[in-house]
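Enquirer: One structure, pasted below without further comment.
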Amino acid sequence: MKNSMFIVGLLAVMVFMSTCPVNAQQDEVARLNKEIAALKLQNEQLKVENQSLRKMLGQVLGNTDKPVSQNVLPGTPATQEIKKDTSAESGYWITTSSSKRHNKNCRYYKGSNGRFCGPNDGIACKICGG
């Protein structure tokens, strides 16, 4: 009789233990699915906000001929163009291949394939400071 009670009790514990992880896993899956749905909704909202901000930026820049994704703020590196002033020796030399700016005291001044430029054009040389 004691053995049968022990076996029944052991079976009851095994049944309980086998159902607990399943319920916990199901709860975790449900929680994660809710979180995924919330993140998808937030992602869609951010896409709409991003599109409206790009449209506003395009209107501010007055550059609506280009696709909105190509509009950038004025003064950022993407919009700074290297001015071509080859007519006068300005004291600054820009290397064409790297866009590095060198001053008169630099060993790369006129020593590389490039042209004259202004004091703010390109990237300053780390050796001479441009």
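Enquirer: Quick one: in segment 105-130, of everything that is of a type in the set (Lys, Arg) and under 15 Å from residue 90 (Cβ atoms), which residue is surrounded by the fewest Cβ atoms within 10 Å (Cβ to Cβ)?
Expert: Quick first cut of segment 105-130, residues of a type in the set (Lys, Arg) only: 107, 110, 115, 126.
Now narrow it down to the ones that are under 15 Å from residue 90 (Cβ atoms): 110, 115.
Working: 110: 12, 115: 17.
Here the residue is 110.
Enquirer: If a residue has to be outside any loop (DSSP other than H, G, I, E, B) and within 29 Å of the chain's Cα centre (by Cα) to count, how many in segment 95-130 make the cut?
Expert: Residues meeting the conditions: 5.
Enquirer: Let me ask something else. Could you please let me know if residue 63 is in contact with a Leu (Cβ under 6 Å, 6 or more places away or on another chain), modelled with pLDDT under 75, surrounded by 10 or more Cβ atoms within 10 Å (Cβ to Cβ) and more than 17 Å from residue 130 (Cα to Cα)?
Expert: no
The values are calculated or read from the model by the stated rules, or taken from the named source; none is laboratory data. On a predicted model such as this, the values are computed, not experimentally measured, just so you know. Here the Cβ is made from the backbone with ideal geometry for all residues, glycine too, and neighbour counts use every protein chain on show.
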